[in-house]
Amino acid sequence: MDREANRLDLKGGERLSRISVFDKADQLLRRFDLQASYFEVPSNLQSGFTTTYKGAIAADYLLDPGYENHRLRLDAVQETGSDGLTKPATRFSYSDIPLPAKTSFNVDFWGFNNGKRNNTLIPAYQGPDLFGTYTTFTGADRTPDSLQMQAGILRKITYPTGGSTTYTFEPHTYGNLSDEDDQLITDYPSVRLRVDNTNPGNSIPGTDTIRLSASAPLEVHYEIEVRDLSGNPTN
């Protein structure tokens, strides 16, 4: 195996550049050349992390924007036989959605890129603090983005024969009862339905109607209380 030094994404790192296969007599049977390049972070997505925290970070690659803004990728694998003839390469194509810097805060709850331009990993929050006081924290938007999370993902493999395989990805789905939904439900007033049993038709002279809306199934609790004509609860 042959290696190349001076990687742009890892200080002191090397990349695998060639794999050679020999027989017992040390004669070359075939070799595979690995062609590589880099995902490069566009200037508008380069992180300010190293500028802000460089005094506290010891790792050299975090202090050098070159390492922070490059990621190694495999572009092609090309085989050469023992006769010296080279076959067409197997080539790899990737999404053209740009990746952010390695130290970027632009990630969702699962660590995938979401393109939100955050400056912290702490999610935004509205609700009671530890002392029960309602508070608002303008933090990170950690919600997933099904398009942005595909930045740099493998899209297509083209084979030496000319055929190809194209990949289509989609994220998992998830659901939860949000704070907004919870607040919406608990804010509803009690509902009372008054049935007049003195009326043979059991009419309902007074009713209240509510509508419940939420992004998840609701659990509704209710109580029924029966009173006599004097308004006293009955058993």
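Could you list all residues from the stretch 1-30 that are assigned to a loop (DSSP other than H, G, I, E, B) and closer than 30 Å to Thr103 by Cβ?
Listed by number, the residues that qualify are Ala5, Asn6, Arg7, Leu8, Asp9, Leu10, Lys11, Gly12, Gly13, Glu14.
Tell me, which residue of the stretch 106-133 that is closer than 18 Å to Ile153 by Cα and not aromatic (Phe, Trp, Tyr) is surrounded by the fewest Cβ atoms within 10 Å (Cβ to Cβ)?
Residue satisfying both the conditions and the ranking: Gly111.
Going by the structure shown, is Thr136 assigned by TED's automatic domain parsing to the domain that holds Asp9 and surrounded by fewer than 15 Cβ atoms within 10 Å (Cβ to Cβ)?
Taking the combined requirement at face value, the residue does not satisfy it.
Consider the stretch 80-100. How many of its residues are surrounded by fewer than 12 Cβ atoms within 10 Å (Cβ to Cβ) and of a type in the set (Gly, Ala, Ser)?
1
From (1) of a type in the set (S, T, N, Q); (2) part of a helix (DSSP H, G or I); (3) modelled with pLDDT of 90 or more, pick out the condition that doesn't hold for Thr50.
For Thr50, the exception is condition (3).
Going residue by residue through the stretch 21-32, is there one that turns out to be under 33 Å from the mean Cα position of the chain (by Cα), loosely packed, with under 14 Cβ neighbours inside 10 Å and modelled with pLDDT of 90 or more?
No, the conditions are met nowhere in the stretch 21-32.
Considering the stretch 5-36 alone, what residues qualify as being closer than 18 Å to Phe92 by Cβ and out of contact with any Phe, Trp or Tyr (no Cβ under 8 Å at 6 or more places or on another chain)?
Passing the criteria: Arg15, Leu16, Ser17, Phe32, Asp33, Leu34, Gln35, Ala36.
Only one of these conditions is not met by Thr103: (1) surrounded by fewer than 12 Cβ atoms within 10 Å (Cβ to Cβ); (2) among the hydroxyl-bearing types (Ser, Thr, Tyr); (3) touching an Asp or Glu at 6+ places or on another chain (Cβ under 8 Å). Which number is it?
(1)
Of the numbered conditions (1) in contact with an Asp or Glu (Cβ under 7 Å, 6 or more places away or on another chain); (2) in the same structural domain as Thr161 (by TED's automatic domain parsing), Arg142 fails exactly one; give the number of that condition.
Tallying (1) in contact with an Asp or Glu (Cβ under 7 Å, 6 or more places away or on another chain); (2) in the same structural domain as Thr161 (by TED's automatic domain parsing), Arg142 fails exactly one: (2).
The values are calculated or read from the model by the stated rules, or taken from the named source; none is laboratory data. The model shown is predicted, which means the values in this text are computed figures rather than measured ones. Here Cβ is always computed from backbone atoms with ideal geometry, including for glycine, and neighbour counts include all displayed protein chains.
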